[in-house]
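The structure under discussion appears below in the form of structure tokens.
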Amino acid sequence: MVTKLKRILLEKALIPPGLDKNGNLKKIKCMHISYKHKENAYIINLSNGIQKLVKNNVSHKSDNYEQFTVDINRNVFVKSILENIKYEPVYSLKPKKVVIDFSSPNIAKPFHVGHLRSTIIGNFIANINKYFHNDVVKLNYLGDWGTQFGLLQYGLKQKNISVDELTNNPIKNLYEVYVHANKLASVDDNIQNEAKRFFSDIEQGRSNLENWRKIRELTVQELEKIYRRLGIQFDDYHWESDYNGEAIKGLMETLEKQNIITTDVSGKKVAKFNNRNVTVLKSDKTTLYLSRDIAALLDRFKKYKFDKMLYVVDNAQTDHFAAVFDIVGKLDKQCKQGCEHIKFGRIKGMSTRSGNVVFLNDILDEARQKMFDKQRESKNTRTSAINEGTCDILGTTAVVINDLKQRRQKDYVFDWDRALQSEGDSGVKLQYLHCRLWSLEKNSGVTIPTNCEPELLTEEIIGEVVAELARFEEVLNRSLIENEACIIVNYLFRVARLVNRMFNELKVKNVDRELGSQRLLVFHSVRLVIKIALEIVGVKPLYEM
């Protein structure tokens, strides 16, 4: 991908023409920018896996990589970056169709912190793919099938609860019913067996599902309230029950005809994976997660014709998805090629004052309340900013940024004080910086110029800030390739530290108007970068707090 900085370098003839011969510039893998204030120049180091790129350049080989360095006049570089700061990437000639399966909670089970991570990470991956103009489908695949369904039906019947009584807080009510039924089943095998029989009946189409459809509808309505707080809207909801025993009977027969699955001595349908048998269908022909996920994947490929199918699910499901992809690949190689399991680690230690958290709403409510308390105590808070909406956004920001600053596959311990701090590397600090930059733009008394005059921007701190701004699209590109939001978040923390220095060292007010205007252009450019980055990671930027 030729990013904005590479295009600027080409347009200004700052990279030898031979470098882009045969599209070599697109293959650059790494770009490092350093600023030499005393030399009034920027040094750009580029490297990739091509054996030889240019002849007349400072270059050397290292580990089969060709590396080369370009010196650029400071004024040319500063002007180029600040006049092209909008950072809108060029449309790809062939945008990819990317389907992302994320969040995916279960009906009657709590929307816990594992679903929270899937939701936050999946939303970021959707946003950054959209930023680079890929065609994205955000898919929420809800768990509404399995023996738990039979237990829930038993619990509703045993407690004599009708579906109409679940309209007030349905998720918590269903959870309480499920927990009650599960406790009964743990000491009475007859209840567990009755739940299994009930599930087997509905698998084979021998039982009415009207009540279950109503429960699903209520659940989605409740979930969408939570997703709105996170600024997420799904394109499609799919259900495990879409791939019940009756619905996938034809697929199972196809897999059997092609010897992808066979029948073992107990009557189960099994497939070979990693030199062992994995069960695809139980002996009573009821489905499992594996059989339903196989059917769902093949169905998605048929429906969406995707280039990529991404599953944002925790590390514990690694073997499961490896088996899904392996079995599907034996039936349809093209379908398997675009599939990837985006793994993540677990959050430990997240709880509220009332005890252990089970529902996402509890987490977000706790974050909002804690931010309300902190805002009320802070001397820097504007009175008009202490409201429920602002505190909700701040609390959500704190939770999201605290999660995404971690490496995706890393387990981490959640700490409320660290997440909500206004100093250090936190979401609250980034929101505060965006508000401060916006306030400067509105109250500086000067306007943002169209043209940059780098001769007026001589300070070393400006040179360092511009070097970071120049890296922005490269940072986004790397984050896209690696599906790692922490690359963006930690970049924002570096920018924040530099900009706080710039606030301390540079005045915009009470200086020559032209000088103040040019300095404001730098601050404005930083704010645009912060705004775009926050939106990509799934945070709504605030303008007052």
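The values are calculated or read from the model by the stated rules, or taken from the named source; none is laboratory data. What you see is a predicted model, and the numbers here were worked out from it, not measured in a lab. Don't worry about glycine lacking a Cβ; one is built from the backbone with ideal geometry, like all the others, and counts go over all protein chains shown. Only protein heavy atoms, including side chains, enter the accessible area calculation; ligands, DNA and RNA are left aside. Shrake-Rupley method; radii C 1.70, N 1.55, O 1.52, S 1.80 Å.
Inside region 241-285, can you point out the residues that are at pLDDT below 95, buried (at least 20 other Cβ atoms within 10 Å of the Cβ) and β-branched (Val, Ile, Thr)? Hit for region 241-285 is Ile248, nothing else. Got at least one residue in region 462-483 being more than 28 Å from Asn134 (Cα to Cα) and in contact with an Asp or Glu (Cβ under 7 Å, 6 or more places away or on another chain)? Checked region 462-483: no residue is more than 28 Å from Asn134 (Cα to Cα) and in contact with an Asp or Glu (Cβ under 7 Å, 6 or more places away or on another chain).
Selection of region 141-178 for residues being of a type in the set (A, V, I, L, M), open to solvent by 10 Å² or more (accessible area, probe 1.4 Å) and either touching a strand residue (DSSP E or B) at 6+ places or on another chain (Cβ under 7 Å) or within 30 Å of Tyr311 (Cβ to Cβ) (or both) yields only Ile171.
In region 523-534, the qualifying residues are those that are under 17 Å from Glu474 (Cα atoms) and of a type outside the set (A, V, I, L, M, F, W, C), and the one that is surrounded by the fewest Cβ atoms within 10 Å (Cβ to Cβ) is Lys531. The set of residues in region 214-240 being surrounded by 14 or more Cβ atoms within 10 Å (Cβ to Cβ) and farther than 20 Å from Tyr311 by Cβ consists of Lys214, Ile215, Arg216, Leu218, Thr219, Val220, Glu222, Glu224, Ile226, Arg229, Gly231.
So, of the residues in region 397-426 that are basic (Lys, Arg) and more than 14 Å from Phe493 (Cα to Cα), which turns out to be least open to solvent (accessible area, probe 1.4 Å)?
Within region 397-426, the first condition is being basic (Lys, Arg), and the residues that meet it are 405, 407-408, 410, 418.
The next check asks that each one be more than 14 Å from Phe493 (Cα to Cα); those that pass are 407-408, 410, 418.
Values: Arg407: 108, Arg408: 28, Lys410: 104, Arg418: 136 Å².
For region 397-426, the residue satisfying everything is Arg408.
Among the residues of region 179-213, the ones that are open to solvent by 60 Å² or more (accessible area, probe 1.4 Å) and either assigned to a helix (DSSP H, G or I) or among the polar types (S, T, N, Q) (or both) come to 15 in all. Which condition number in (1) free of Cβ contacts under 8 Å to residues at least 24 places away in the same chain; (2) of a type outside the set (S, T, N, Q); (3) surrounded by fewer than 20 Cβ atoms within 10 Å (Cβ to Cβ) is the one that Leu290 fails? Looking at each condition in turn, Leu290 falls short on (1). Just a yes or no: is a residue in region 125-136 in the same structural domain as Lys336 (by TED's automatic domain parsing), in a strand (DSSP E or B) and surrounded by fewer than 20 Cβ atoms within 10 Å (Cβ to Cβ)? There is at least one residue in region 125-136 that is in the same structural domain as Lys336 (by TED's automatic domain parsing), in a strand (DSSP E or B) and surrounded by fewer than 20 Cβ atoms within 10 Å (Cβ to Cβ). Between Glu453, Glu468, the distinction of being in the same structural domain as Asp403 (by TED's automatic domain parsing), under 15 Å from Phe77 (Cβ atoms) and surrounded by fewer than 17 Cβ atoms within 10 Å (Cβ to Cβ) belongs to Glu453 only. Go through region 92-124 and count every residue that is in a loop (DSSP other than H, G, I, E, B) and hydroxyl-bearing (Ser, Thr, Tyr). The qualifying residues number 3. Under the condition of being open to solvent by 30 Å² or more (accessible area, probe 1.4 Å) and closer than 21 Å to His434 by Cβ, the residues counted in region 499-522 number 7.
As a summary of the residue check, Trp145 satisfies the conditions (1) at pLDDT below 90; (2) within 14 Å of the chain's Cα centre (by Cα) except for the one numbered (2). Residue pairs whose Cβ atoms lie under 8 Å apart, separated by 6 or more positions or on different chains, with the first residue in region 298-315 and under 13 Å from Val98 (Cα atoms) and free of Cβ contacts under 8 Å to residues at least 40 places away in the same chain and the second part of a helix (DSSP H, G or I) and open to solvent by 30 Å² or more (accessible area, probe 1.4 Å), are Phe301/Gln334.
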